[in-house]
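J.: Quick one: the structure is below, questions incoming.
Just so it is clear, none of the values below were taken in a lab; they were calculated from the coordinates. Quick caveat: nothing in here was measured; it's all calculated off a predicted structure. All Cβ positions, even for glycine, are placed from backbone atoms using ideal geometry, and neighbour counts span all protein chains on display.
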Amino acid sequence: MRRLGIFLALLGSSAAASGFPNSADDLLVRKGRAMLAQEHPDVIRHMMRNDGFGGPASQKVSSAMLSDSPDRVAAVRAAMQIEKHGDRMWLLRFPYVNVAVIETKRGLVIFDTGYASIGPVLAEVLPTLSPKPVTHIIVSHIHVDHAYGWPALKAKWPDAKTVTSDLFPAMAAKEVRLGGSIGRFNNQPLEYQPTSIDRLPKPDIMFRDRLTLPIDGEKFELYRAPGETEEQIWMALPSRSAIFTADYYQGFLPNAGNGKRIMRHIDEWAAALRDMVGYKPQHLLPMHSSASDDPKRIADALSIEAEALEHVSNEVVARLNAGERKDVIATTVSWPEKFATSPDLDPQYNRPNDIARMVAMRWTGWWDGIPSHFAAMRFEDEAQEALRMGGGLDAVDKRARELLPTNPKLAARLADWAYFGATDAPKALKLTIDVYLARIAEPGMPLQESQVYFDVAAKARARLAEISQSTP
């Protein structure tokens, strides 16, 4: 729920039987993405710096993760890498996400199923690893890159038992109810979004907090710990000194501050990482990034991520209790050198500041401490008055361009005033394009933030083209 295929993600797709309708703005953004990708190939290079989410990238796959079309299945098959770890365990690495396979005495246990086009590949490949049937399919959480390969597995092995948290069905219903929002914020074609729970896993075995699942003489220890989602689970296999980390470990600063998705649970996330360390694992098989068979490396990676999440959470809560405003806290949250230099905490997808905002949002209401913000008001009204007070669009445009090299955040705020305050003014649209393409090019720009900037620039570019065509 997080991929780079934004350039051409929505450029065209055959309509599916289900899905949500595209709005006029959706179509405008789609058109603008294509224009910017052609006119500014550098913007694609900038955004691809952080593509892959810890693994290989694929524009074909990222453009529609809910599609299992033959061309996408072929792309997944070609990109797949199979790694063996420990005793009869494999990590199947695909673009963006991994799937873990454990062979027992009588069958195969699958941890996570990937996105839709991974399912058919798993059905083909698993028999080459072992002739034994799939007996259990464990789905860590509802996200598109973990749950939607399930139908192909279940079709091939109908007797396999599906294992989830008992909160999974409720989260599946939420996934359907908010499908339009989820698809849009994940830069996925709305035509493919499910409108019923039929495409989602149907649990056979559910549990609330912990489950010891005996399979062929081994104990599979399953834990629910809210993280990216409320129902997310991870697994330990003590008999083989292995842990399977779902989305808790991602190989970089984790997606714990997502500004476009459901609440992240920072404290429980950190606690889960501490619990994983307690198993003293010799093998770490993650659903993102590379595996590790080095016990010290595993303990160090999980521990520093837990410490970093705890640091942000504790500081935010302490400063909230001290009466500081949320915007001040998020802007100035500390980030010690050991975190800033750790390769396990590279902010390639979101920033520590974003995690701080997530913590504050969880523990307080929506008000940000600015008195006038308590009463709801359209941003357009503020923007129009800001333009008037600033001396008009020309003056704001001039000042934003002056600020851009030294204070791009403030320049972007002025560009927003122009964009929302002078709707469809060519100068405002051009300013929006220039400012946000420049922001994308900033060193270290996280992927999620750059996606937001790319979309607003795309919409402005397409609208500018429409206005130009209609003007004699």
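J.: List, in order, the whole-Hz ³J(HN,Hα) value for each residue of segment 310-322 obtained from phi through the Karplus relation with A = 6.51, B = -1.76, C = 1.60 and θ = phi - 60°; use x for Gly and Pro.
T.: Running phi through 6.51 cos²θ - 1.76 cosθ + 1.60 with θ = phi - 60° gives 5, 4, 5, 4, 5, 5, 4, 5, 4, 6, 4, 5, 7 Hz.
J.: Right, something else. Sticking with the crude label model, points 7 Å out along Cα→Cβ, report the distance from Asp346 to Glu466 in nm, one decimal please.
T.: 3.9 nm
J.: Within 10 Å of each residue's Cβ, count the other Cβ atoms and sort Arg49, Arg93 from fewest upward.
T.: Going from least to most buried by this count: Arg49, Arg93.
J.: Could you compute how fast segment 240-316 diffuses translationally, taking Rh as the Kirkwood radius over C-alpha pairs and applying Stokes-Einstein at 20 °C with viscosity 1.002 mPa s? Give it in µm² per second.
T.: In µm²/s, the coefficient is 169.
J.: Add -39500 (n - 2.57) for each DSSP H run of 4 or more in the chain, then divide by its residues: what number comes out at 222 nm, to the nearest 500 deg cm²/dmol?
T.: After summing the helix terms and dividing by the residues of the chain, the value is -14000 deg cm²/dmol.
J.: Here's a follow-up. Indicate the gyration tensor shape class of segment 336-426 (rounded, prolate or oblate), computed on the Cα atoms with a ≥ b ≥ c the square roots of the eigenvalues: a/c under 1.5 is rounded; otherwise a/b larger than b/c is prolate and the rest oblate.
T.: oblate
J.: Once you charge only the Cβ atoms, +1 for Lys and Arg and -1 for Asp and Glu, what is the size of the charge dipole of the chain about its Cα centre, to the nearest 20 debye?
T.: My answer is approximately 580 debye.
J.: Nothing charged except the Cβ atoms of Lys and Arg (+1) and of Asp and Glu (-1): what's the magnitude of the dipole of segment 46-186 about its Cα centre? Round to the nearest 20 debye.
T.: Using only the charged Cβ atoms, the result is roughly 80 debye.
J.: While we're here: Taking a ≥ b ≥ c as the square roots of the Cα gyration tensor eigenvalues, with a/c under 1.5 meaning rounded and otherwise prolate when a/b beats b/c, else oblate, which class fits segment 372-472?
T.: Rounded.
J.: Restrict the search to segment 356-386; then list the chymotrypsin sites (Phe, Trp or Tyr not before Pro) that DSSP places in a loop and that have at most 12 other Cβ atoms within 10 Å of their Cβ.
T.: Trp366, Trp367
J.: How high is the relative contact order of the chain, in percent, with contacts defined as C-alpha pairs under 8 Å that are six or more residues apart?
T.: 15 percent
J.: So, with +1 on the Cβ of K and R and -1 on the Cβ of D and E, and no other charges, what is the size of the charge dipole of segment 367-472 about its Cα centre, to the nearest 20 debye?
T.: Result for segment 367-472 is approximately 260 debye, rounded to the nearest 20.
J.: In the chain, with Lys and Arg counted as +1 and Asp and Glu as -1 at Cβ, which of these residues, Thr471, Leu222, Trp234, has the Cα nearest the positive end of the dipole, that is, farthest along it?
T.: Farthest towards the positive pole: Thr471.
J.: Share of antiparallel DSSP beta bridges in the chain, in percent to the nearest 5?
T.: If we restrict to bridges inside the chain, about 70 percent are antiparallel.
J.: Here's a follow-up. Between segment 158-211 and segment 274-334, what's the alpha-carbon centroid distance in Å?
T.: Value for the Cα centre distance between the two parts: 27 Å.
J.: Each label point is 7 Å from the Cα along the Cα-to-Cβ direction; what then is the distance between the points at Leu178 and Trp366, in nm?
T.: 1.3 nm
J.: Fewest Cβ neighbours within 10 Å first, please rank Asp327, Asp354 accordingly.
T.: Asp327, Asp354
J.: Tell me whether the chain comes out rounded, prolate or oblate; compute the Cα gyration tensor, take square roots of the eigenvalues as a ≥ b ≥ c, and use a/c under 1.5 as the rounded threshold.
T.: Prolate shape, in that a/c is at least 1.5 and a/b is the bigger ratio.
J.: Also: For segment 415-465, what relative contact order do you get, as a whole percent, if you take Cα pairs closer than 8 Å and at least 6 residues apart?
T.: The normalised contact order for segment 415-465 reaches 40 percent.
J.: I would also like to ask the following. Beyond 31 Å between alpha-carbons counts as too far, so tell me which of Lys154/Lys296; Lys60/Lys202; Lys174/Lys427; Lys31/Lys156 fall in that bin.
T.: Lys154/Lys296; Lys174/Lys427; Lys31/Lys156
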